[in-house]
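Asks: The structure follows.
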Ligand SMILES: Nc1ncnc2c1ncn2[C@@H]1O[C@H](COP(=O)(O)OP(=O)(O)OP(=O)(O)O)[C@@H](O)[C@H]1O
């Protein structure tokens, strides 16, 4: 039997921001299997967010090939984004944003519901399920803009989970969270990976990763310099070693 295709496959990908005179990602190749937990490290400006945006079909790929969930990212970005959850780095709502928490989480279902269609019972059930996974049912009726940064981050996580993503891209998801919330989200992520969801997480803090084998990817200057499996306890050392080697190169 032939093994299944990787759920994420990049082959010699170059990505450029609009108006930039040179590509931000250069010659990036990566194959991620379904259900892997991938930690992406590397210094500020190395291209970690750019890598997530590329996988999510948000940036023009100027060279190379990228498929996610079996879809060509260059041609079918919208279809890719329906199957991928993406938690943005340090996103904050305007205090006057006119939506409740429940409405913001329901927005995660829009790709499934379709434009101008009414949400169905199953959409509301998915919203309740996501709120309960994050332990924020009590916030459902609150205006999103009036919540704390950590609460907003949990709501955005719930929004992503409400769409039942096959791939979850998380850009520094712990930045606003207290230690208890971090532990809870980690348990949640371990459960999702156990259910076959593929998780990619950009982080600068590696102290409380789920207890399972992970793939660590280290980026520097727009390219991948390390890509290997290890235990969660080894991740920080792998990232540090890559940084030291770059300094002495
Ligand atoms: N919208 C943009 N337009 C042009 N260049 C950008 C844009 N966003 C990021 N860049 C550039 O792309 C490079 C990679 O940025 P990116 O945000 O991917 O880094 P990062 O590794 O996620 O950094 P950090 O750890 O600071 O979040 C940087 O040199 C940055 O200046």
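FYI, it's all coordinate maths here, none of it is from the lab. As the structure is a prediction and not an experimental result, all values here were calculated from the model. With ideal geometry, Cβ positions are generated from the backbone for all residues, glycine too; neighbour counts draw on all protein chains shown.
Asks: For the chain, give me the percentage of DSSP beta bridges that are antiparallel, rounded to the nearest 5 percent.
Replies: Rounded to the nearest five, the antiparallel share is 55 percent.
Asks: Taking every pair of distinct Cα atoms and averaging 1/r, then inverting, what Kirkwood hydrodynamic radius in Å comes out for the range 68-134?
Replies: When all Cα pairs of the range 68-134 are included, the Kirkwood radius is 13.9 Å.
Asks: Determine the gain in length on full extension of the stretch residue 44-residue 240; use 0.36 nm per residue of separation and subtract their C-alpha separation, reporting nm with one decimal.
Replies: Contour length minus Cα-Cα distance gives 69.2 nm.
Asks: Can you bin the range 122-169 into rounded, prolate or oblate? Criterion: square roots of the alpha carbon gyration tensor eigenvalues sorted a ≥ b ≥ c, rounded for a/c under 1.5, prolate for a/b above b/c, oblate for the rest. Intermediate results must be reported in sequence, preceding the final value.
Replies: Working: a/c = 2.27, a/b = 1.36, b/c = 1.67.
It comes out oblate by the Cα gyration axes.
Asks: Also: Taking Cα atoms, how many degrees apart are the long axis of helix 149-162 and the longest axis of the chain, rounded to 10 and kept between 0 and 90?
Replies: 90 degrees
Asks: Suppose the chain between residue 103 and residue 225 were pulled fully straight at 0.36 nm per residue; how much longer would it get relative to their current alpha carbon spacing?
Replies: Values: separation 122, 0.36 × 122 = 43.92 nm, distance 4.10 nm.
Between residue 103 and residue 225, full extension yields 39.8 nm more.
Asks: Tilt of helix 121-133 relative to the longest C-alpha principal axis of the chain, in degrees (0 to 90, nearest 10)?
Replies: In the chain, helix 121-133 runs at an angle near 70 degrees to the longest axis.
Asks: Let me make sure I get this right: for the range 1-49, a, b and c are the square roots of the gyration tensor eigenvalues over alpha carbons, sorted descending. Under 1.5 in a/c it's rounded, otherwise prolate if a/b > b/c, else oblate. Which is it?
Replies: Oblate, since a/c reaches 1.5 and b/c is not below a/b.
Asks: Ok, one more. Between residue 249 and residue 212, what is the label-to-label distance in nm when each label sits 7 Å out along the Cα-to-Cβ direction?
Replies: 3.1 nm
Asks: On to the next question. Pop a pseudo-label 7 angstrom from the Cα along the beta-carbon direction at both residue 92 and residue 187 and give the gap in nm to one decimal.
Replies: Roughly 3.0 nm, to one decimal.
Asks: Here's another thing I want to ask about it. Could you check the simple spin-label distance between residue 148 and residue 29, using points 7 Å along Cα→Cβ, in nm with one decimal?
Replies: 4.7 nm
Asks: Answer rounded, prolate or oblate for the chain, using the Cα gyration tensor with square roots of eigenvalues a ≥ b ≥ c: rounded when a/c is under 1.5, else prolate when a/b is larger than b/c, else oblate.
Replies: Since a/c reaches 1.5 and a/b is larger than b/c, the shape of the chain is classed as prolate.
Asks: Could I ask something else about it? Roughly how many Å is it from the Cα centre of the range 163-195 to that of the range 1-60, as a whole number?
Replies: Computed from Cα coordinates, the inter-centre distance equals 20 Å.
Asks: Also, I was wondering about something else. Taking the 0 to 90 degree range and rounding to the nearest ten, how far is the long axis of helix 235-248 tilted relative to the main principal axis of the chain, both from C-alpha atoms?
Replies: Result, in degrees: 40.
Asks: Sorting 229, 33, 18 on the 10 Å Cβ count, fewest up front, what's the list?
Replies: Result, fewest neighbours first: 18, 229, 33.
Asks: Taking 8 Å as the Cα distance limit and 6 or more residues as the minimum spacing, I'd like the relative contact order of the range 111-249 as a percentage.
Replies: Once divided by the residue count of the range 111-249, the mean separation gives 16 percent.
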